[in-house]
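Reading through the structure tokens given below for one structure.
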Number of protein chains: 2
Amino acid sequence: MTMLQRLSTSDPDFADRLAALLAWESVSDDRVQQIVAEILRAVRTQGDAALLEYTTRFDRWTPTTPADLELPRARLEQAWHTIPAAQRQALDAAAERIRTYAEHQKLSGWSYRDADGTLLGQQVTPLDRAGLYVPGGKAAYPSSVLMNAIPAKVAGVGELIMVVPTPDGELNELVLAAAHVAGVDRAFAIGGAQAVAALAYGTATIPGVDKIVGPGNIYVATAKRAVFGQVGIDMVAGPSEILVICDGATDPDWIAMDLFSQAEHDEDAQSILVSWDAAFLDQVAASIERLLPTLERAPIIEAALRARGALIFARDLDDAIAVANQIAPEHLELSVADPEAIVGRIRHAGAIFMGRYTAEALGDYCAGPNHVLPTSRTARFSSPLGVYDFQKRSSLILASAAGSARLAQTASVLARGEGLTAHARSAEYRGECAP
Amino acid sequence: MTMLQRLSTSDPDFADRLAALLAWESVSDDRVQQIVAEILRAVRTQGDAALLEYTTRFDRWTPTTPADLELPRARLEQAWHTIPAAQRQALDAAAERIRTYAEHQKLSGWSYRDADGTLLGQQVTPLDRAGLYVPGGKAAYPSSVLMNAIPAKVAGVGELIMVVPTPDGELNELVLAAAHVAGVDRAFAIGGAQAVAALAYGTATIPGVDKIVGPGNIYVATAKRAVFGQVGIDMVAGPSEILVICDGATDPDWIAMDLFSQAEHDEDAQSILVSWDAAFLDQVAASIERLLPTLERAPIIEAALRARGALIFARDLDDAIAVANQIAPEHLELSVADPEAIVGRIRHAGAIFMGRYTAEALGDYCAGPNHVLPTSRTARFSSPLGVYDFQKRSSLILASAAGSARLAQTASVLARGEGLTAHARSAEYRGECAP
């Protein structure tokens, strides 16, 4: 008796069972909506005063003045020098690799001229100012600071503002050190929906930003959705997921540990293994039973595996790939002999970890690619967080006199076809006057 | 007495007056929310039956079977051959230019190897299936079909599904012809929130898609927001806007007509001119008074100009550029002698029309760049619709044995720092076994 569901793609009800396994709806009930709406309104109208009040109420410490909310850069630097050398080196090594990868993502402008001499192109610019939400307390992850902050800095964002709640006034030195090495410009000890509101609307103390990124609880997620439009936001993330495709020749303990590494995030996390080697599925199930008790976060892992984990028996490699494309997983491990031969057939996945040596956990921290990835099947239409999320494009058109005259003919016909005669005449003016 | 507000950047209350001028909130009241929620639920649970019912009720024609909802490709082709030759040629010329520009936007994958031999990269794939919403009735714009459909096809989207309501059963031949030339794969005569629901959830007749793009009324916009997450969506657009920066040497009639061309969209559209030549502002005001009565859509234009138009006197070019960056306009005309010298200083704009010959209307139809652009200051953080909106990225990592061992050291330190020991052990397994 294993704790993970066993499915086979040959089951007549496989499609339904898979859909049930993947089903996930984030719960943002009316109560949460109302509380968040009230907080947004208070911060929008009362600014810093509301921030002081909410910080006292929710984070249980009492800033005297709004200036108390700022964590000065010297404080971030102090954390950097205070943490153990091994952690400092690890943060530095991770930051360096994340930065190198991010540099490859940077978009550049381009232009060309058509036969009439008209210039057409695209200008790429960074955001003026971005906000980074970092959760406080237990879920405070320095790696998340690196992953969100570094692409923004590589994009050339003018000012990067971090907010991080400090419940009971407690600071996380690793988070502050990560902010230092990632190049965060200013940091504030605020959190929750009130921090999102402050970043979206600005207060006397907190600068308003153009986009807010970073994970948070249901209040933070609800607030981000509500301010979307006023500012940009990143994806609202669901629970973390891994799908492992294995040919049966990887050490089953390794695969078990990869499934654990996803499941240890929280009880809603999803770990799925698919293989066409039935004996291997049994071996991994046995590894899971044996290794689980040795893990610090065993209760969380067991709850996640029981609720949302699965071992799927596929007919063959092609069948396993079809399952992966159906699931569109956040993390996909191709734990097979020749991953490069099949990666081109993966149509949807946030990040693809190729080969037996590429543990997903390497990507969470330091391989280089971002660990902020599309969840809940949204890899069907969205991408990892990247430098491009902190850049935007402006179309460029510079019509030559001759080009303008020619374009005016087409524009005029179409504008009149749509009944928009001012459009037509605006175009025609240029055409008539072209040399 | 002019119908447009006159502002000067030197006014002590300029910032407040500009903010008031730009203020815009889309109204999606509780009643709309409730109606949309009910429609989404009905289509989700009853599928085609709900579509038939809503089409009868809202579009006032009665499909007998779900198959009646489809507009076969032969019908699109028939429209193509039926419209006047001048319109066919104009659609063809526009489609060709939009396609050529879109090809320049297409993202490609890339990869590199680090010193340890680890491969890092990004794989780019198109969406499997996209949905294009096209409004029916008065606001049915064939140019919008081209602008939304062509980037999807250039991206390589597997199947492009168009929905267009046909109020009282009335078809718009130009819209169908545009769908034909743009390469729409399937089309259905449905609209409103029910069409959005059908595309998001799929029914027996309407294939579910991965992303929905295209403009619509408040019900469509509200439905798109509601299904976001289940599928991707494009931006929810506000009213159209133009900002013209002019040095005073362009024919004032041309500038007046450019302002009209934006204002004729609807009463909420925004047309603003900024110049450091006070006499020129007067000349444009006079052109507006003189030309307005000659326009078919004069009542709409006048309402828009009175409600949201403005002539802004700036101190100099630098000041005008600062105003543009504050407004972050959807459309920006640089009607100046040397636009290339200043375009690099524009930080936020959807599309930039450079020089006296580049009427914004040329971009609406056929210059090449997309006319779906960020409105309401969202150009601070978002981009024109493009091929990249129909592509997504997957990160690639293939660690060499040596690379894995080295990465495992860093990952292990950071994972243990975060208390995630399964992550640490998953990485360490590989490190221990590396040759």
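The values are calculated or read from the model by the stated rules, or taken from the named source; none is laboratory data. Every value quoted in this text rests on a predicted model; they were computed, and no experiment measured them. FYI the Cβ positions are ideal-geometry reconstructions off the backbone, even for glycines, and counts take in every protein chain you see. Quick note on the areas: whole protein, heavy atoms, side chains included, nothing else; ligands and nucleic acids left out. Shrake-Rupley method; radii C 1.70, N 1.55, O 1.52, S 1.80 Å.
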> Any idea what the dipole of chain B comes to, in debye rounded to 20, about its Cα centre with Lys/Arg Cβ at +1 and Asp/Glu Cβ at -1?
Replying inline: 1560 debye
> At A:ASP277 and A:ILE218, where each label point lies 7 Å from the Cα along Cα→Cβ, what is the point-to-point distance in nanometres?
Replying inline: 4.2 nm
> What does the average come to when, for each residue of peptide A:296-303, you count the partner chain Cβ atoms lying within 10 Å of its Cβ?
Replying inline: 2
>> Counting heavy atoms of the protein chains only and a 1.4 Å probe, report the per residue accessible area for the protein assembly as shown as a whole number of Å².
In response: 35 Å²
> Considering every residue in A:83-96, what mean count of other chain Cβ atoms within 10 Å of its Cβ is obtained?
Replying inline: 3
>> What FRET efficiency comes out for A:THR62 versus A:ALA322 if R0 is 51 angstrom and r is the Cβ-Cβ distance? Round to the nearest 0.05.
In response: 0.35
>> Placing the label point 7 Å from Cα along the Cα-to-Cβ direction, what are the distances from A:ASP16 to the equivalent spots in the other copies, shortest first, in nm to one decimal?
In response: 6.5
> With all protein chains present, how much of the accessible area of segment B:341-386 (probe radius 1.4 Å) comes from carbon and sulfur, to the nearest whole percent?
Replying inline: 52 percent
> Taking chain B as a Gaussian network, where each spring joins two C-alpha atoms under 10 Å apart, which residue of B:ALA237, B:ALA152, B:ALA408 fluctuates the most?
Replying inline: B:ALA408
> What total accessible area, in Å², is buried where chains B and A meet, using a 1.4 Å probe and rounding to the nearest 100?
Replying inline: 10500 Å²
> Which FRET efficiency, nearest 0.05, do A:THR294 and B:GLU96 yield, Cβ-Cβ r, R0 56 Å?
Replying inline: 0.30
> Along the charge dipole of the protein assembly as shown, Cβ charges K/R +1 and D/E -1, which of B:GLN230, B:ALA115, A:SER8 sits furthest on the positive end?
Replying inline: B:ALA115
> Can you flag which of A:LYS224/B:LYS153; A:LYS392/B:LYS392; B:LYS106/B:LYS392; B:LYS106/B:LYS153; A:LYS153/B:LYS211; A:LYS211/B:LYS153 are past 22 Å Cα-Cα?
Replying inline: A:LYS224/B:LYS153; A:LYS153/B:LYS211; A:LYS211/B:LYS153
>> How would segment A:318-435 be classified by its alpha-carbon gyration tensor: rounded, prolate or oblate, with rounded meaning a/c under 1.5 and the a/b versus b/c comparison settling the rest?
In response: prolate
> To one decimal in nm, how far is A:GLU53 from the same spot in the other copies, if labels go 7 Å from Cα toward Cβ? Please give the shortest first.
Replying inline: 4.6
>> Nearest 500 deg cm²/dmol is fine: what mean residue ellipticity at 222 nm does chain A get from its DSSP H runs of n ≥ 4 alone, each adding -39,500 (n - 2.57), divided by its residue count?
In response: -14000 deg cm²/dmol
>> Looking at chain A as a GNM with Cα springs under 10 Å, which of A:SER400, A:SER108, A:SER240 has the largest mean-square fluctuation?
In response: A:SER400
>> With N set to the number of residues, divide the alpha-carbon radius of gyration of the protein assembly as shown by 2.2 N^0.38 Å and report two decimals.
In response: 0.97
> In peptide A:140-148, what is the residue-averaged number of other protein chain Cβ atoms found within 10 Å of each Cβ?
Replying inline: 2
> What percentage of the solvent-accessible surface of segment A:186-233, computed with a 1.4 Å probe over protein heavy atoms, is contributed by carbon and sulfur atoms?
Replying inline: 51 percent
>> To check my understanding: the extent here is largest minus smallest coordinate of the Cα atoms along each principal axis. What are those three numbers for segment B:62-214, in Å, largest first?
In response: 66, 38, 24
> Which residue fluctuates the most in chain A, going by a Gaussian network model with Cα springs under 10 Å, if the choices are A:ALA182, A:ALA279, A:ALA223?
Replying inline: A:ALA279
>> Nothing charged except the Cβ atoms of Lys and Arg (+1) and of Asp and Glu (-1): what's the magnitude of the dipole of segment A:122-217 about its Cα centre? Round to the nearest 20 debye.
In response: 160 debye
> How would you classify segment A:124-184 from its alpha-carbon gyration tensor, with a ≥ b ≥ c the square roots of the eigenvalues: rounded for a/c under 1.5, else prolate if a/b is greater than b/c, otherwise oblate?
Replying inline: prolate
>> Within 10 Å, at most 15 other Cβ atoms, and a DSSP state outside H, G, I, E, B define an exposed site. Report the longest part of chain B free of exposed GluC sites (Glu not before Pro).
In response: B:26-169
>> Which of rounded, prolate or oblate describes chain A when judged by the alpha-carbon gyration tensor and an a/c cut-off of 1.5?
In response: oblate
> Quick one: label points 7 angstrom along Cα→Cβ at B:GLU289, distances to the other copies in nm, smallest first?
Replying inline: 9.2
> So what J values fall out for segment A:194-199 if you push phi through Karplus, 6.51 cos²θ - 1.76 cosθ + 1.60 with θ = phi - 60°, rounded to Hz, Gly and Pro as x?
Replying inline: 5, 5, 4, 4, 4, 5
> Distance in nm between label sites at B:ALA86 and B:ALA249, each 7 Å beyond Cα in the beta-carbon direction?
Replying inline: 3.5 nm
>> At a 10 angstrom cut-off on C-beta neighbours, averaged per residue, how do the peptides B:121-128, B:82-89 rank from highest to lowest?
In response: B:121-128, B:82-89
